[in-house]
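The values are calculated or read from the model by the stated rules, or taken from the named source; none is laboratory data. Treat the numbers as computed from the prediction; the structure is a model and nothing was measured. Here Cβ is always computed from backbone atoms with ideal geometry, including for glycine, and neighbour counts include all displayed protein chains. With ligands, DNA and RNA removed, areas are computed over all heavy atoms of the protein, side chains included. Shrake-Rupley method; radii C 1.70, N 1.55, O 1.52, S 1.80 Å.
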Amino acid sequence: MLVRLLVMKHGMRLGDYLDLEWFLEKDRILDPGEILDRDRKIGLAAQAGALPPKLQGAYWLERRRDGSSGGLPSRSLCSVLIALRLLFGFGGLLAGISLVRALLLYSGIEPVNVSVFLLLAVLPQAGLSLLAAGLLVCRGLRRTEFRIPLRPLFDLVWRRPGSLSPQAGFVRALILRRGWPARMLGWESLRLLHLGGFCLAFGSLAALAVSVAVTDLAFGWQSTLRIGAQGMHTLVTALSAPWSWLPEPWGLTPTLLQIEGSRIVLKDGIQALASADLVAWWPFLCMCLLVYALLPRFILLASAHWMLRRAERRFVHPDLGRIVDRMQAPLLGSARAGEIPAAPLHLGVSAAAGTEQSELQGQAGIGCVLLLPPELVGRIRDDLLSGLTRRVCGYPPGRVIPVSLDMDGIRQMLDDCAGIDWAGGFERYVVLIEAWQPPIRENLLALTLLGQENGRGRNLILVLCGRPSGGDWMTAPDAAAREVWSDAVARLAPLRVDIFGAST
Amino acid sequence: MNSMPVFAVIGHPNEGKSSVVATLVENDRIRISPRPGETMESMTYPVSIDGKDVIAFVDTPGFQNPVQTLGWMRKFRGSESEVFEAFLAEFRDDPGMAHECELLTPVRDGAGIIYVLDASRPLRQVDKAEMEILRLTGRPRMAILNCKTGEEQFLEEWKTELRRHFNMVRTFNALRATFAERMRLLESLRALEQDWEDALGLVVDVFARDWRRRNAECAALVCDFLRRVLGMAETAHLADPGRKAEVEARLVSRLEERIRQEEETLHEQVCLQFRHDRRSFVLPEQSVLRQDLFSRTTWTVLGLSKGKLVAAAVAAGGAAGVALDLATLGSSLGLFAAVGGATAGLAALFQGERLVRGKVLGLGIGQRSVQVGPLDTVQWVFVLLDRFLLHYWYVIHWSHAWRGEDFLPALVDEGGKQGFTSTWSREARGLCAEFFKVATAGDDSRAMELEADLRRFLEEELERMSRL
């Protein structure tokens with residue numbers, strides 16, 4: 001993996017970006033938490049390997065590839081590109097060889113015409129290279145992206161997406177949908193074309209060199225025009241200007257005498273021409289192919305390659321930042337503890353029952369005792385309290401006792417009330433409860449203690465009031481509070497408690 | 001002192017302890033019930049960073065016998081440091097004191113205390129007993145005033161009492177807490193105990209970073225969604241030209257359904273980013289998001305007003321024209337920008353509110369095929385963005401402690417429009433309009449540049465909304 005990463009240190013390639021899109025597409029259906037976990041693990045592994053931040057995106061991709069089963073878009077693209085490179089490379093090579101071989105046909109009667117060779121084997125290649133270079137310069141001057149109309153081409157070639165492999169179908173959809181893969185593929189296509197051109201030039205040159213080495217060739221020139229050898233020499237000198245600095249003994253440019261000696265006049269035949277002059281042309285033709293066909297094509301191929309790499313390097317995939325962020329951001333988690341089953345609070349009523357004794361002593365006239373939370377003393381008018389007890393038990397409160405609803409408070413209160421002469425012989429305790437307070441165990445135990453009859457008749461009445469509002473401290477309780485208290489009190493059975501709601 | 005900060009969340013029954021824990025640790029699964037006494041055992045909810053627990057919150061049962069407990073402690077004759085150990089030893093097997101034992105155990109083990117109370121009710125004796133018990137622990141402690149019903153008439157009374165017993169008092173509504181409020185609460189905990197400063201500082205930093213990451217993810221998700229939706233089209237072979245209307249209607253229906261599904265996926269992804277179970281997340285009854293994307297109500301309430309829509313379209317059209325003007329090296333004297341702006345503005349004026357149903361592109365190619373889409377009215381991008389932002393707003397305000405009640409956060413309301421986009425700057429609206437233009441026209445390279453800008457803008461916008 002390290003080797004691959006080092007290869008990628010100059011930036012990700014088109015295939016890498018396609019794979020990146022492929023994995024992002026797969027992530028769309030995953031849970032974000034799952035993605036976070038995975039990417040953070042990759043990030044921690046990258047940190048452990050002291051990987052520089054700029055390589056982390058590539059590292060992520062490699063790890064995803066390692067964990068991926070099945071084909072990847074980059075592999076589909078790579079297969080197609082290899083096939084195309086072979087096609088263009090061998091095609092160009094064969095075309096170059098066959099072109100030159102056709103031009104070099106010589107049976108000893110008529111020498112190979114240098115002008116025809118230049119016109120058919122050198123000038124077209126040089127012209128096409130010049131055109132391609134011109135287009136690149138124009139593009140550079142206009143500062144616009146190079147565009148190859150790939151959409152219609154792809155639409156035409158891959159008309160039936162359903163028949164493609166998922167990876168190839170994805171590449172097709174991506175190229176048709178997004179701009180950047182199409183642009184990169186445009187450069188890739190240009191590189192392919194230049195590869196074909198380069199192979200064509202190379203094939204031409206190789207065919208010429210091999211033909212010279214293994215066959216006996218004679219080159220000459222002819223013209224109906226009266227330009228003479230001097231004119232031809234001027235032209236040859238101009239063409240050979242790029243290599244004119246090379247040593248003359250190498251014979252890379254025919255001399256004036258050699259040009260004169262290789263002029264073919266049909267009516268005279270070739271018998272009168274010197275053999276040395278007839279073979280003096282081939283180094284010149286080789287240099288022409290090298291300088292005007294092979295080298296420009298090589299430069300164009302290298303520039304297309306460079307432009308593709310530049311496009312890949314300059315392209316910033318919008319999601320790469322997100323990925324690196326996920327790799328670098330510490331993973332925040334919280335344990336998903338299971339729910340705790342609800343269960344009624346243990347009251348221990350039986351343990352508390354019967355522990356208290358109270359004696360009622362005769363004291364005439366008290367219908368009921370109202371137990372009031374200490375915090376409400378002085379906050380509710382007496383007439384309201386009186387009306388309340390009348391409503392729930394038919395008597396006005398003989399005493400209003402502030403007491404908190406806990407065991408100590410109730411014990412103290414019962415002691416204080418001992419000896420009261422209850423009207424009708426029944427003890428009636430009305431307990432005002434702020435129902436918005438939850439019934440805690442202490443309250444319920446206190447009620448249990450309060451409700452113990454010890455053989456005497458005792459009524460226990462709870463009046464539930466709601467949250468104070470606008471200075472009113474005896475509001476009606478809400479349904480939820482009432483239900484909670486009813487349920488809690490029901491668990492005090494067999495203790496009988498009547499429950500009412502307060503309302504002013 | 002524990003190296004890892006542990007906070008026991010303690011209080012009276014039904015005061016919102018579990019809600020506070022659920023909100024702080026972003027856990028939808030914590031049992032929260034309006035019925036008191038549902039929490040029977042202490043449950044620890046750790047917060048981990050890269051799998052390593054860094055802090056923990058312990059959700060405890062409520063006090064059931066505060067007066068009795070305080071009474072016992074006051075009668076205890078040993079040293080103050082032994083009182084809790086002695087209490088737990090004494091009542092370990094007493095089922096009636098099970099809750100007290102449960103809630104005091106983590107405190108004995110070194111946990112800090114977060115005392116939660118409902119400040120919308122008056123102070124009572126039992127509360128004072130509870131506070132006194134907690135004061136006796138001598139542990140770092142903070143009180144959280146959780147106004148459950150929103151009434152604050154008792155707030156000052158509570159604060160006065162609490163300051164006598166606690167190192168710090170904060171107001172924090174677990175059901176309404178925004179991200180910023182959560183961060184402030186964690187910052188306060190940091191100041192509670194010096195030994196825990198580093199750990200809590202790390203947690204705060206990671207929380208903040210994680211939130212930014214979520215916003216960046218959401219911005220990327222919505223940009224991806226917009227690109228997908230704005231480029232959508234449906235094409236069908238037309239065998240019988242007489243059935244063109246029927247085919248068109250079928251294509252429109254199919255296109256609408258695809259857009260709805262994309263939006264649903266987007267909303268689900270946003271929910272998941274914020275750790276909300278999509279099934280438990282419920283939109284408010286009154287929300288316009290309950291309306292279909294293609295309904296008139298959606299278009300009436302969301303998007304831009306006509307004037308702003310035209311201005312945005314003019315800005316987008318002008319921007320495209322400026323590029324042409326630049327190409328002529330200024331020789332056109334801004335003519336392209338003017339014409340482009342005017343054309344886009346007029347188009348928005350007359351077509352800006354057209355629904356997809358009104359836009360059926362019947363492109364006859366030799367009378368053999370029909371195409372519907374892509375969307376061609378600029379208002380679309382604002383409606384879609386508004387729906388996303390509205391959903392995001394609900395999601396970040398949807399408390400992990402919330403269980404089923406209706407909740408409608410405040411929204412902007414500007415001239416009948418309730419979307420967020422209408423409050424954006426002219427430049428931001430122009431950016432959206434231009435993005436719409438290039439995305440629907442298939443200018444991918446320009447769309448990509450604009451998408452990067454749009455993402456950055458949306459990230460900032462989401463960050464801003466988080467802090468409202």
Legend entry - Flag if B:Arg121 is basic (Lys, Arg), away from every other protein chain (no Cβ under 14 Å) and touching a Phe, Trp or Tyr at 6+ places or on another chain (Cβ under 8 Å): no
Inset, instruction - List every residue pair whose Cβ atoms lie under 8 Å apart, where the two residues are 6 or more positions apart in sequence or sit on different chains, the first residue falls within segment B:61-77 and is facing chain A (nearest Cβ under 7 Å) and of a type in the set (Phe, Trp, Tyr), and the second residue, located anywhere, is surrounded by 24 or more Cβ atoms within 10 Å (Cβ to Cβ) and in a loop (DSSP other than H, G, I, E, B). - result: B:Phe63/A:Ile440; B:Phe63/B:His12
Legend entry - Residue ID - nearest to the other protein chains (Cβ to nearest Cβ), chosen from residues in segment A:405-423 that are without any contact (Cβ under 8 Å) to a residue 60 or more places away in the chain and of a type in the set (A, V, I, L, M, F, W, C): A:Met407
Inset, instruction - State yes or no: is A:Arg491 within 14 Å of chain B (Cβ to nearest Cβ), over 57 Å from the mean Cα position of the chain (by Cα) and more than 26 Å from B:Pro122 (Cα to Cα)? - result: yes
Inset, instruction - Among residues belonging to segment A:374-422 that are in a loop (DSSP other than H, G, I, E, B) and in contact with a helix residue (DSSP H, G or I) (Cβ under 8 Å, 6 or more places away or on another chain), point out the one that is surrounded by the fewest Cβ atoms within 10 Å (Cβ to Cβ). - result: A:Pro396
Inset, instruction - Go through segment A:220-256 and give me each residue that's hydroxyl-bearing (Ser, Thr, Tyr) and either modelled with pLDDT under 85 or assigned to a loop (DSSP other than H, G, I, E, B) (or both). - result: A:Ser223, A:Thr224, A:Ser240, A:Ser244, A:Thr253, A:Thr255
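Inspect all residues belonging to segment B:76-85 and state whether any of them is assigned to a helix (DSSP H, G or I) and crowded, with 16+ Cβ neighbours inside 10 Å.
Of segment B:76-85, the ones assigned to a helix (DSSP H, G or I) are B:80-85.
This time we only want the ones that are crowded, with 16+ Cβ neighbours inside 10 Å, so: B:83-84.
Yes: one or more hits.
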Legend entry - Close pairs (8 angstrom Cβ cut-off, 6 or more residues apart or separate chains): closer than 15 Å to B:Arg214 by Cβ in segment B:260-274, small (Gly, Ala, Ser) anywhere: B:Leu272/A:Gly33
Inset, instruction - Give the residues of segment A:457-473 that are open to solvent by less than 40 Å² (accessible area, probe 1.4 Å) and under 60 Å from the mean Cα position of the chain (by Cα), sorted by residue number. - result: A:Leu464, A:Cys465, A:Gly466, A:Pro468, A:Trp473
Inset, instruction - Consider B:Arg135 carefully, then state whether it is assigned to a loop (DSSP other than H, G, I, E, B) and in contact with a strand residue (DSSP E or B) (Cβ under 9 Å, 6 or more places away or on another chain). - result: no
Inset, instruction - Give me a count of the residues in segment B:143-152 that are hydrophobic (A, V, I, L, M, F, W, C) and either more than 26 Å from the chain's Cα centre (by Cα) or within 14 Å of chain A (Cβ to nearest Cβ) (or both). - result: 1
Inset, instruction - Just one of (1) open to solvent by 10 Å² or more (accessible area, probe 1.4 Å); (2) free of Cβ contacts under 8 Å to residues at least 24 places away in the same chain trips up B:Gly201, so point out which. - result: (1)
Legend entry - Close pairs (9 angstrom Cβ cut-off, 6 or more residues apart or separate chains): closer than 15 Å to B:Met448 by Cβ in segment A:313-331, assigned to a loop (DSSP other than H, G, I, E, B) anywhere: A:Arg314/A:Gly11; A:Phe315/A:Gly11; A:Phe315/A:Met12; A:His317/A:Met12; A:Leu320/A:Met12
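Let's see how each residue does on (1) assigned to a helix (DSSP H, G or I); (2) within 14 Å of chain A (Cβ to nearest Cβ); (3) in contact with a Gly (Cβ under 9 Å, 6 or more places away or on another chain):
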| site | (1), (2), (3) |
| --- | --- |
| B:Glu434 | yes, no, yes |
| B:Thr440 | yes, yes, yes |
| B:Met448 | yes, yes, yes |
| B:Arg456 | yes, yes, no |
| B:Leu468 | no, no, no |
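Residue-wise test of (1) of a type outside the set (Phe, Trp, Tyr); (2) farther than 18 Å from A:Arg40 by Cβ; (3) outside any helix (DSSP H, G or I).
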site: A:Gly57; (1), (2), (3): yes, no, no
site: A:Trp60; (1), (2), (3): no, no, no
site: A:Arg64; (1), (2), (3): yes, no, no
site: A:Gly70; (1), (2), (3): yes, yes, yes
site: A:Cys78; (1), (2), (3): yes, yes, no
site: A:Ile82; (1), (2), (3): yes, yes, no
site: A:Leu86; (1), (2), (3): yes, yes, no
site: A:Ser98; (1), (2), (3): yes, yes, no
